[in-house]
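Engineer: Could you have a look at this structure, given as structure tokens, before my questions?
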Amino acid sequence: MAAITRRIARTPEACWRRFIDMDALSAWLPNLRRVRVITTGADGRPHEVAFELTSSSYTLVYAYDEATLTVRWAPRTGVRDAVRGEASFAAAPDGCLMTYQLEGSDARSTRALAEPDALVSAFARWMLQSA
């Protein structure tokens, strides 16, 4: 997984909260048709989430590390056409540094979501516009 890093003129905490907000994904995630939280963890955060994109559907399982403001996701066991990755948010001058890694089970599933750089750019633009 190659990492993409982008500076965003918002606090790391604000970026983290918005990134893990499944209700807000459709505002910035390209090609997303529908998202549905299947289960939540003891902390109330989405644990298993179903995604319907324009060209594929899959379920991801999320893990959160609030101490490092990192979220990781992986396909549910047995799912082939899905993506795995992580995003982290760290303090930087004038905002936060978002580091994003995305890996598809094949090139098709990664392209169906979006090129990782375009995805990070879309999130950064949305964060700046929705302040």
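The values are calculated or read from the model by the stated rules, or taken from the named source; none is laboratory data. Here the structure is a predicted model, which means the values were calculated and not measured. Positions of Cβ are backbone-derived with ideal geometry, glycine not excepted, and every protein chain shown enters the neighbour counts.
Engineer: Across the range 24-35, what is the total count of residues that are assigned to a strand (DSSP E or B) and either free of Cβ contacts under 8 Å to residues at least 12 places away in the same chain or under 14 Å from the mean Cα position of the chain (by Cα) (or both)? I'd like the intermediate steps shown before the answer.
Structural biologist: Of all residues in the range 24-35, those assigned to a strand (DSSP E or B) come to 32-35.
Within this subset, residues satisfying the condition of being either free of Cβ contacts under 8 Å to residues at least 12 places away in the same chain or under 14 Å from the mean Cα position of the chain (by Cα) (or both) are 32, 35.
Matching residues across the range 24-35 total 2.
Engineer: If you don't mind, there's one more thing I want to ask. If you take the residues of the range 1-23 that are in a helix (DSSP H, G or I) and touching a residue at least 60 places away in the same chain (Cβ under 8 Å), which of them is surrounded by the fewest Cβ atoms within 10 Å (Cβ to Cβ)? Step through it out loud before you land on a result.
Structural biologist: First pass over the range 1-23, keeping only residues in a helix (DSSP H, G or I): 12-19, 22-23.
In the following step, the residues that additionally are touching a residue at least 60 places away in the same chain (Cβ under 8 Å) were identified as 12-16, 18-19.
Working: PRO12: 19, GLU13: 13, ALA14: 16, CYS15: 24, TRP16: 22, ARG18: 19, PHE19: 19.
Restricting to residues being in a helix (DSSP H, G or I) and touching a residue at least 60 places away in the same chain (Cβ under 8 Å), the top hit is GLU13.
Engineer: Identify the residue in the range 24-38 that is among the β-branched types (Val, Ile, Thr) and exposed (fewer than 15 other Cβ atoms within 10 Å of the Cβ) and, among all such residues, is farthest from PHE89 (Cα to Cα). Working first, answer last.
Structural biologist: Just the residues of the range 24-38 that are among the β-branched types (Val, Ile, Thr), to begin with: 35, 37-38.
From what is left, the residues that are exposed (fewer than 15 other Cβ atoms within 10 Å of the Cβ) are 37-38.
Details: VAL37: 23, ILE38: 25 Å.
Per the criteria, the residue is ILE38.
Engineer: Restricting to the range 74-131, give me the number of residues that are more than 16 Å from CYS15 (Cβ to Cβ), touching a Gly at 6+ places or on another chain (Cβ under 7 Å) and modelled with pLDDT of 80 or more.
Structural biologist: Number satisfying all stated conditions: 1.
Engineer: Related question: Report yes if some residue within the range 40-48 is aliphatic (A, V, I, L, M) and crowded, with 16+ Cβ neighbours inside 10 Å; otherwise report no.
Structural biologist: So the first thing to find is which residues in the range 40-48 are aliphatic (A, V, I, L, M), and the list is 42.
Going one step further and asking which of them are crowded, with 16+ Cβ neighbours inside 10 Å, we end up with none.
There is no residue in the range 40-48 that is aliphatic (A, V, I, L, M) and crowded, with 16+ Cβ neighbours inside 10 Å.
Engineer: OK, next. Which of the residues belonging to the range 16-40 are over 13 Å from MET127 (Cα atoms), of a type in the set (A, V, I, L, M, F, W, C) and in contact with a helix residue (DSSP H, G or I) (Cβ under 9 Å, 6 or more places away or on another chain)?
Structural biologist: LEU32, VAL35, VAL37 - these are the residues of the range 16-40 that are over 13 Å from MET127 (Cα atoms), of a type in the set (A, V, I, L, M, F, W, C) and in contact with a helix residue (DSSP H, G or I) (Cβ under 9 Å, 6 or more places away or on another chain).
Engineer: ASP43 is checked against (1) more than 22 Å from MET127 (Cα to Cα); (2) at pLDDT 95 or above and fails just one. What number does that condition carry?
Structural biologist: Here ASP43 clears every test but (2).
Engineer: If you don't mind, there's one more thing I want to ask. Do any residues in the range 46-58 that are in contact (Cβ under 8 Å) with a residue 60 or more places away in the chain and more than 14 Å from ASP23 (Cα to Cα) have Cβ atoms under 8 Å from those of residues that are of a type in the set (A, V, I, L, M, F, W, C) and not in a strand (DSSP E or B), where the two are at least six apart or on different chains, and which pairs are they?
Structural biologist: LEU53/ALA112; LEU53/LEU113
Engineer: I would also like to ask the following. For the list (1) among the β-branched types (Val, Ile, Thr); (2) under 12 Å from the mean Cα position of the chain (by Cα); (3) over 15 Å from LEU119 (Cα atoms), I need the number of the one condition that ILE20 fails.
Structural biologist: (3)
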